[in-house]
Amino acid sequence: MNSTRLNNLLTDIPGVRVGHAGDAALASGVTAVIFDQPAVAAMDVRGGGPGTREGALLDVANTVEKIDAIALSGGSAFGLEAGGGVQAWLAEQGRGLNVRGAVIPIVPGAICFDLLNGGNKNWGRFAPYRDLGFEAAAAAGTSFALGSVGAGLGALTANLKGGLGSASAQTKDGTKVAALAVVNALGTVTVGDGPWFWAAPFEIDGEYGGRGLPAWFTPDMLKMRIKGGPAATAVENTTLAVVVTDAALTKTHAKRLAMMAQTGFARAIYPVHAPMDGDVVFAASTSERQIDPLAGITELGMVAANVVARAIARGVHEATALPLPGALPSWRDRFG
């Protein structure tokens, strides 16, 4: 796999743009993934406390196959309104599913819980996420920031500031696959109290510090560290990922890609897919390249899982601590 010609971003897939919007006082935000042309998409949910928009539409048994955008947001269930803002922006562009002249932008989405990170969530009658969604969509481009931005602005893990990461790669035949992850995990992305990322075996070119793994694992490193400890609840934690490929996939193939990409969560987060997580993977195809429907998709899913793991680690590596009392430190604060 050769990623030297890539920018290590989701937008390495042509026809994909990403935009962020956030509010520093709120300590929360939105990320919009915009497809220049409708993309075949599916979703896989592994966490026990998910929050999604248009999730039923993405079921392989249902009719609509293509989507126009994906909205990722903080704000827990309040953040589901971000999809309406992205939808409004698309509608102004004339984008959407045409049903006998009625144009309906198709915007699935998912949220993470960042309501207890110290930001000011006293927003009054209506939450700000619809407006933030519109702003994120309007800002979408091929270059975008990582770390404490967009939907990752207020994200936390059990021991360090969480954030938004991205990574990309190619299969041996040149098919591209890329991921964007919002890391607000119940567990940890690093090993014990050290600088090592669980995803270290998949790192490319020191993209998250180049620290490798520890020489050995102690019982303390392997003990459970979870956000909130015994008081953790089923709505407080989530990692969200969007995986996009230029391979031509059916909706069923996209579902399989999302399922295989979930393996990347297990390579990067410890513990993962808990009852208190809301872990979700969206998989989408821009349908530019034909691949073998068995061996080709198997390889694509293998690479996608690695890319997801790398995106998760990058999200934490690039994050900056919230400028709030008692805020969790960032990886860079702790380890330089």
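The values are calculated or read from the model by the stated rules, or taken from the named source; none is laboratory data. Here the structure is a predicted model, which is why all the values come from computation and not from measurement. Cβ atoms come from the backbone with ideal geometry, glycine included; neighbour counts cover every protein chain shown. Keep in mind that these areas ignore ligands, DNA and RNA; they rest on the heavy atoms of the full protein, side chains included. Shrake-Rupley method; radii C 1.70, N 1.55, O 1.52, S 1.80 Å.
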**OP:** List every residue pair whose Cβ atoms lie under 6 Å apart, where the two residues are 6 or more positions apart in sequence or sit on different chains, the first residue falls within the stretch 168-189 and is closer than 14 Å to Ala304 by Cα and open to solvent by less than 10 Å² (accessible area, probe 1.4 Å), and the second residue, located anywhere, is assigned to a loop (DSSP other than H, G, I, E, B) and among the small types (Gly, Ala, Ser).
**Re:** Ala169/Ser3
Subject >> The one condition in (1) part of a helix (DSSP H, G or I); (2) among the hydrophobic types (A, V, I, L, M, F, W, C); (3) surrounded by fewer than 17 Cβ atoms within 10 Å (Cβ to Cβ) that Ala304 fails to fulfil >> reply: (3)
Original post:
Hey, Ala158 hits all of (1) of a type in the set (Gly, Ala, Ser); (2) under 18 Å from Arg225 (Cβ atoms); (3) open to solvent by less than 20 Å² (accessible area, probe 1.4 Å) but one; which does it fall short on?
Top reply: (3)
Original post:
Taking Gly326 and the conditions (1) open to solvent by 20 Å² or more (accessible area, probe 1.4 Å); (2) part of a loop (DSSP other than H, G, I, E, B); (3) closer than 29 Å to Thr63 by Cβ; (4) in contact (Cβ under 8 Å) with a residue 60 or more places away in the chain, which numbered condition does it fall short on, given that it satisfies the others?
Top reply: (3)
**OP:** Please note which strands (runs of 3 or more DSSP E) are completely contained in the stretch 30-124 and include at least 1 residues that are more than 23 Å from Lys227 (Cα to Cα) and open to solvent by less than 20 Å² (accessible area, probe 1.4 Å).
**Re:** 66-73, 109-111
**OP:** Working only within the stretch 277-322, note down all residues that are more than 20 Å from Ala178 (Cα to Cα) and at pLDDT 95 or above.
**Re:** Thr320, Ala321, Leu322
**OP:** Return the total of residues in the stretch 187-242 being within 19 Å of Gly154 (Cα to Cα), modelled with pLDDT of 95 or more and in a loop (DSSP other than H, G, I, E, B).
**Re:** 1
